[in-house]
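A short write-up of the structure that comes next.
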Amino acid sequence: GERLKPSTATEPKKHLVDLTMDEVGDLLWSVNLGQYQRRFASLGVDGASLAELEKQEELQELGMELAIQRKKLVRVCKTLRQAENGVPLKTLRLGVELRKKAKDKAPTAGVGYRDGEKYSQDQPPRFEEGFNG
């Protein structure tokens, strides 16, 4: 399972409420929910937002469709809200590594626009060959 293991008292931690948007993304990656990192960042979800999270419905509003994933994140947030737990910095570092690995594996071409590309009037969206719209 994806349990957050109790950490030793000497391990550096950061309170959930103090996480930046990027660190929230790292946390998502560390619990195998990295696919939501961009969505959360685009909505400005930071640690303070996650610290207030108590219901799955709130995550559904953020675009998490699968109940099992919502339950998981609610459980993670509940655990991390407790001040003595906090977020181990090694958990955030793991998230950074997982994000980098996923980025390295990501295909460079696909449907629509890649990161950093902008839509303009004189350049319609690109679609895969064989798309019959």
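Worth a mention:
- Helices (runs of 4 or more DSSP H) wholly inside the range 1-94 that include at least 3 residues being of a type in the set (D, E, K, R), surrounded by 13 or more Cβ atoms within 10 Å (Cβ to Cβ) and modelled with pLDDT of 90 or more: 21-30, 67-81
- Looking across the range 95-106, the residues that are of a type in the set (A, V, I, L, M, F, W, C) and at pLDDT 85 or above come down to Val96, Leu98, Ala102.
- Qualifying positions in the range 35-90 - β-branched (Val, Ile, Thr) and free of Cβ contacts under 8 Å to residues at least 40 places away in the same chain: Val45, Ile68, Val74
The values are calculated or read from the model by the stated rules, or taken from the named source; none is laboratory data. For clarity, every value in this text was computed on a predicted model and none was experimentally measured. Neighbour counts are summed over all protein chains in view; Cβ atoms, including those assigned to glycine, are modelled from backbone coordinates with ideal geometry.
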